[in-house]
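Below: the structure, in structure tokens.
The values are calculated or read from the model by the stated rules, or taken from the named source; none is laboratory data. Quantities reported herein were computed from a predicted structural model and do not represent experimental measurements. No Cβ is skipped: glycine too gets one built from the backbone with ideal geometry, and neighbour counts run over all protein chains shown. Calculation scope for accessible area: heavy atoms of the full protein, side chains included, ligands and nucleic acids excluded. Shrake-Rupley method; radii C 1.70, N 1.55, O 1.52, S 1.80 Å.
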Amino acid sequence: QVQLVESGGGLVQAGDSLRLSCAASGRTFSNFSMGWFRQAPGKEREFVAGIRRFGGNTGYADSVKGRFTISRENAKDAVYLKMNSRAGEDTAVYYCEARAALLYRRGRDGYEYWGQGTQGTVSS
């Protein structure tokens, strides 16, 4: 089992930065590729960013490319998402998810663990 706990959400204004953290426990963190997903009200959960087990290779949804940065620190069992936010479109509950594989995936299938999420709200 892997436990994931997201933190760092809150209310920010458009253009402000927000840094989300996800702390992992239970198994060797470096065995997992990680993804950040988000779910806005009335919408399905969608891929935001992914990072492979040892970093060095990342991917982003087109809607966040150039504005968000995913990173990880295996020594701290943590993955992060830095956001330069836009009003409305980035407001969502953000989830980190873990996949026991070298590579992340853009779809939710294959991710075995996820946290409870953290709310990020961007005002105009």
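Reported count of residues in region 96-119, each being within 12 Å of the chain's Cα centre (by Cα) and among the acidic types (Asp, Glu), is 1.
Which of the strands (runs of 3 or more DSSP E) found entirely inside region 1-93 contain at least 1 residues meeting this: of a type in the set (Asp, Glu) and crowded, with 18+ Cβ neighbours inside 10 Å?
Counting at least 1 such residues, we get 3-7.
Pairing residues of region 61-87 that are farther than 22 Å from residue 12 by Cα with residues that are of a type in the set (Val, Ile, Thr), at Cβ distances under 7 Å and at least 6 apart in sequence or on separate chains, gives 72/51; 72/79. Can you find, within region 94-124, the residue that is farthest from residue 41 (Cα to Cα) among those that are in contact with a Leu (Cβ under 7 Å, 6 or more places away or on another chain) and open to solvent by 30 Å² or more (accessible area, probe 1.4 Å)? Only one residue tops the list, namely 113.
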